[in-house]
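Colleague: Before I ask anything, let me first share the structure, which is written out below as structure tokens.
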Amino acid sequence: MSDLVETLIEDARWEREGLAELAEAACLAVCARLSLPAKGFAISLLGCDDARIAVLNADFRGKPQPTNVLSWPAADLAADADGSPPDMPDPGDAAGPAELGDIAIAYETCAREAAEQEKSLRDHVTHLMVHGCLHLLGYDHIRPGDAGLMEGLEVEILATMGLDNPYD
């Protein structure tokens, strides 16, 4: 492993699901697709429960309810309004990798969504980790053009991992 993702597990159910390995594989696949050197970057991941993510969601987004995944980019790399992809960050140097940001993911919400969508929790979590990693790199889905670009990348990256289109 490249140690791109540093994982902190607060909810032991994530250990059983192999969250650290799923996250590492997903974020490596994102870096590969975007031609970014994985060794040049670092991501912090929190595997938590709905109660914890509800607090984070309230604190940072003003929405006091659980959500599946949250991300906090270390830098504003957002795409311009013209629909072009965001600028890619510069990798770290000998002093250490460049921080891409933080991601938090909630077990109960992810498990419920996977069951509702009739897919494995592992596949759903992999998709959410690709999604969260793309957010750290400036991709978003607020404007329709941005959403199409981001979702297209997600589908492409997941296909390289042998996973089906999550939007079908």
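Colleague: Which number in (1) farther than 18 Å from D50 by Cα; (2) touching a helix residue (DSSP H, G or I) at 6+ places or on another chain (Cβ under 6 Å); (3) not aromatic (F, W, Y) marks the one condition that I103 misses?
Modeller: Tallying (1) farther than 18 Å from D50 by Cα; (2) touching a helix residue (DSSP H, G or I) at 6+ places or on another chain (Cβ under 6 Å); (3) not aromatic (F, W, Y), I103 fails exactly one: (1).
Colleague: Taking into account only those residues within segment 7-22 that are of a type in the set (D, E) and touching a helix residue (DSSP H, G or I) at 6+ places or on another chain (Cβ under 9 Å), which is surrounded by the most Cβ atoms within 10 Å (Cβ to Cβ)?
Modeller: Step one: filter segment 7-22 for residues of a type in the set (D, E), giving 10-11, 15, 17, 21.
With touching a helix residue (DSSP H, G or I) at 6+ places or on another chain (Cβ under 9 Å) added as a condition, the list becomes 10-11, 17.
Working: E10: 14, D11: 21, E17: 19.
It comes out as D11.
Colleague: Let me ask you something else. Quick check on segment 23-33: of everything there that is within 16 Å of G162 (Cα to Cα) and of a type outside the set (G, A, S), which residue is surrounded by the fewest Cβ atoms within 10 Å (Cβ to Cβ)?
Modeller: Going through the qualifying residues, I end up with R33.
Colleague: Taking segment 56-105 only, how many residues are farther than 27 Å from K39 by Cα, surrounded by 19 or more Cβ atoms within 10 Å (Cβ to Cβ) and modelled with pLDDT under 85?
Modeller: Qualifying residue count for the region: 0.
Colleague: Another question, then. Quick one: is G132 buried (at least 17 other Cβ atoms within 10 Å of the Cβ), at pLDDT below 95 and in contact with a strand residue (DSSP E or B) (Cβ under 9 Å, 6 or more places away or on another chain)?
Modeller: Numbers: buried (at least 17 other Cβ atoms within 10 Å of the Cβ): yes; at pLDDT below 95: no; in contact with a strand residue (DSSP E or B) (Cβ under 9 Å, 6 or more places away or on another chain): yes.
It is false that G132 is buried (at least 17 other Cβ atoms within 10 Å of the Cβ), at pLDDT below 95 and in contact with a strand residue (DSSP E or B) (Cβ under 9 Å, 6 or more places away or on another chain).
Colleague: Give just the number: which of (1) surrounded by fewer than 17 Cβ atoms within 10 Å (Cβ to Cβ); (2) part of a loop (DSSP other than H, G, I, E, B) does L36 not satisfy?
Modeller: Condition not satisfied by L36: (1).
Colleague: Across segment 5-33, which residue is farthest from M88 (Cα to Cα) among those that are in a loop (DSSP other than H, G, I, E, B) and free of Cβ contacts under 8 Å to residues at least 60 places away in the same chain?
Modeller: Step by step, filter segment 5-33, then rank; the result is A12.
The values are calculated or read from the model by the stated rules, or taken from the named source; none is laboratory data. What you see is a predicted model; the values in this text were computed from it and never measured. In this analysis, Cβ positions are derived from the backbone assuming ideal geometry, glycine residues included, and neighbour counts consider all displayed protein chains.
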